[in-house]
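Read the structure below first, then the notes.
The values are calculated or read from the model by the stated rules, or taken from the named source; none is laboratory data. Quick caveat, the model's predicted, so the values are computed rather than measured. Counting neighbours? That spans all protein chains shown, and the Cβs are built from the backbone with ideal geometry, glycine included. With ligands, DNA and RNA removed, areas are computed over all heavy atoms of the protein, side chains included. Shrake-Rupley method; radii C 1.70, N 1.55, O 1.52, S 1.80 Å.
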Amino acid sequence: MAMALLRCAFVPVASYPSIRSLRQGGRCLAAGEKGVVRPVCRCRHCGRLMPTRNALFRHLQVEDHCRELMCQEDPAGAAAVLRSAPWCTVALLVSYAAGGHAAARRLALRCLKATGDEAALQMSQAGDALLRRQLLADCGQEQVLSSSGGALADVLSARVPVHIPLPRAGAVSADVQILGASLAPSNFEAEADCTRRDYCYLLPLWALCPEVSGQRSEHRRGALRRLKALLRRAGAKLREGSWSWQSFADGDLTELQRRGKGVSSHISSLKASEVSLSWGPCVLIDISGDYFLGGQCQRLVSLLLAIFHGWLPEETLETALREELELVKAPEEFLFLRRCGFAELSRRNEQLLEDVKVIEADVLERVCAAPELARRWLPQLKCWAQTFRTVGTGAHLPAATCRLPAAPAAAPEEYGEVLALLRRLARGGWPKPSRARARLLKGEGGSFSLGFVGSGQALPGNGAFPEFLGPVFALERRLRPTRSSAVAAVNCNAAFAPHRDGGLGHQSTSLIVGLGDYTGGELCVDGVVADIRYQPLDFHGGRQKHWTLPFQGERFSIVWFTPGSD
């Protein structure tokens, strides 16, 4: 069928004075001695002469114009010709927003597919750890190497037929853009051949000195110098030896290390630079190395930022490298693969990577999240750091502390009536606590009590806030149908210091629950941290030392108990 596309002509080579006369388009079309008659094929679309049918096949496979005419004339015959086309390796430079590495692969496949051929192409991506993930699949720890964040300049390699045109630079979707494409060595694989990966984390400059109004240049320069000095010291510490990165990884490295799986990670340098975007000056924290683990850069950045602000001592970095700690994970929306290094790429491809620096700010504007997210997670990071110092390295921090939720979840329906009363009272001004309770409070918090003590003596709160009496104790019965407490302590933004309850004699077990829109604010009972936001907790307040961890936002709490009971 394919032969129907070829028109052969027998042209006597002797009629031409030399071999050079048969060069068409820079190719030698005939070879042999003068006077020997040889068959020569001619392309019916462009008229070019070919010495053999194989040469004509190659011509139709690589020449765009003739290939398109061939496909229009006989699609079935064209498919037979293209099926045997030689393959080459191309390198694509792409950028994408956070979590877009899979979308970049899909769109690259779509751009590189052969005409009428939907078969998957062989691809490799420097910003994804597909090869290493296959080694870890049997341990169920693929998340250790999962990709996250976006990319300013990720490299994809693909083996494609030579007749497929290289994609042009430009956006191919809302979140993915092709920055360039070029031919690469035939054995080039983006992931396996990548010898260096540079990640960067973007922070608004006010994140370094939020207390300075107007961000005067001298304060900005001073904050940047202090950050660079900290990164130099931290980088030197990371280069000292082989560290355990268990505290920084998403998955559990213990089983992987026992089985001898490849989970090593190497960070060679930490740097900082300033960049100006439309929403203000920013700082880029550069992390260079290879074989990064999932979540590693985000946890490292959050820990370094907490150290920079003095929320944690600098020794915490070495502690986290040696021991297993619960570290907070910064949002992935500000993490980007900045550039990749390849030992085998030609100078032309290296120049393509260098050209990305010119358009780096524009790419950041397009793929970066809004700075409002930083305004949410930085206060939460401070809360986590204060909690970490208060609880210590040996305590177990709840998962909610480490996830940094973007916004608190809505209140369950059963809390609606009581929460509305609490907010109404808070708007009018919360009553001052008693002297004994005020000595336990840190900061400006308020508290009052409802119920009855002794032989039925009413507490002052019953008369001051009668509308609370019924709903507050009805809430306890809904949460714990078997309980019937005599007293309820109602608190607003109250952060209690470590203490055991006293003053009312031996009391029953307590039931506590947190209400409102806040983050942090867990209750620590004898060193065990519990998230009490809409999650009631039973504990013995008279016997167990307990205190409130730092929080941000509107935090109410109610504690039910019965005094004078064992």
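Among the residues of the range 497-522, those that are closer than 23 Å to residue 421 by Cα, buried (at least 19 other Cβ atoms within 10 Å of the Cβ) and either without any contact (Cβ under 8 Å) to a residue 40 or more places away in the chain or of a type outside the set (D, E, K, R) (or both) comprise 510, 511, 512, 513, 514, 515, 516, 519, 520, 521. Taking the conditions (1) open to solvent by less than 20 Å² (accessible area, probe 1.4 Å); (2) under 34 Å from the mean Cα position of the chain (by Cα); (3) modelled with pLDDT of 85 or more in turn, residue 493 satisfies each one other than (1).
Reported count of residues in the range 228-238, each being open to solvent by 90 Å² or more (accessible area, probe 1.4 Å) and within 16 Å of residue 306 (Cβ to Cβ), is 1. Of everything in the range 509-544 that's assigned to a loop (DSSP other than H, G, I, E, B) and in contact with a His (Cβ under 7 Å, 6 or more places away or on another chain), which residue is farthest from residue 443 (Cα to Cα)? Once the filter is applied, the top-ranked residue is 509. Just one residue in the set 310, 260, 289, 241 is at pLDDT 85 or above, surrounded by fewer than 17 Cβ atoms within 10 Å (Cβ to Cβ) and either in a strand (DSSP E or B) or of a type in the set (Gly, Ala, Ser) (or both); that residue is 310. Of everything in the range 244-255 that is farther than 20 Å from residue 301 by Cβ and acidic (Asp, Glu), the residue that is modelled with the highest pLDDT is 252. Of the residues making up the range 208-227, at least one is modelled with pLDDT of 85 or more, surrounded by fewer than 19 Cβ atoms within 10 Å (Cβ to Cβ) and touching a strand residue (DSSP E or B) at 6+ places or on another chain (Cβ under 9 Å).
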